[in-house]
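Each reported figure results from applying straightforward, stated rules to the coordinates on display, with no laboratory input. Predicted model, so just to flag it, every value in this text is computed and none were measured. Here Cβ is always computed from backbone atoms with ideal geometry, including for glycine, and neighbour counts include all displayed protein chains.
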Amino acid sequence: AYVVTENCIKCKFTDCVDVCPVDCFREGPNFLVIDPDECIDCTLCVAECPAEAIFAEDDLPADQEHFTELNASLAKVWPAIVERKEPLADAEEWNKVKDKLQFLEK
Ligand code: SF4
Ligand code: F3S
């Protein structure tokens, strides 16, 4: 499956949602995850993300590997998002900021 990683946090641009053919994105307050049981590995969302936050599970940067489990667990409790919406207000300012996991709201 594909995995949403740290740089989505506090940005949540949501461009990824519109291209997913199987509607497998799930939405939290300031982060999205991919439901690994639904993702069909089509790759379409990767290029859409302005934050470059989406990776194939096998291609995750070493410091992002824990996001596989985080996507799987949060996908079980967060609702589906099936249409793009406005990014979070300060999305551009937070894009590429390091160590955003501490700001994740669940
Ligand atoms: Fe959806 Fe395809 Fe991205 Fe998986 S790889 S989340 S199926 S757009
Ligand atoms: Fe997040 Fe990128 Fe989608 S910032 S909401 S993974 S477009």
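Please work out how much length the chain gains when fully extended from Glu52 to Glu83, using 0.36 nm per residue of separation minus the C-alpha to C-alpha distance, in nm with one decimal.
Roughly 9.3 nm would be gained on extension.
Quickly work out the Asp41-to-Asp18 label distance, labels modelled 7 Å from Cα along the C-beta direction, and quote it in nm with one decimal.
Taking the simple label geometry, Asp18 and Asp41 are separated by 2.8 nm.
Just the number: Rg to Rh for the chain, Cα atoms, Kirkwood Rh, two decimals.
Across the chain, the Cα-based Rg/Rh ratio is 0.91.
Under 16 Å between C-alpha atoms is the cut-off here; go through the chain and count lysine pairs that meet it, provided they're at least eight residues apart or on different chains.
Summing the qualifying lysine pairs gives 11.
Taking a ≥ b ≥ c as the square roots of the eigenvalues of the Cα gyration tensor of region 28-78, is the shape rounded (a/c under 1.5), prolate (a/b larger than b/c) or oblate?
The shape class here is rounded.
Using a cut-off of 14 Å between beta-carbons, work out the net charge of the residues near Trp78 (Lys and Arg +1, Asp and Glu -1, Trp78 not included).
Here the count lands on -2.
Which residue, chosen from Val77, Ala89, Ile40, occupies the Cα position most advanced towards the positive end of the dipole of the chain, where the dipole is computed from +1 (Lys, Arg) and -1 (Asp, Glu) charges on Cβ about the Cα centre?
Ala89
Which residues in region 46-66 place their backbone N less than 20 Å from a point set 7 Å from the Cα of Lys96 along the Cα-to-Cβ direction?
Of the residues in region 46-66, 46-55, 61-64 have backbone N under 20 Å from the label point off Lys96.
Evaluate the relative contact order of the chain (contact order divided by residue number), counting alpha-carbon pairs under 8 angstrom at least 6 apart; express in whole percent.
Working: 201 pairs, mean separation 47.9, N = 106.
This gives 45 percent for the chain.
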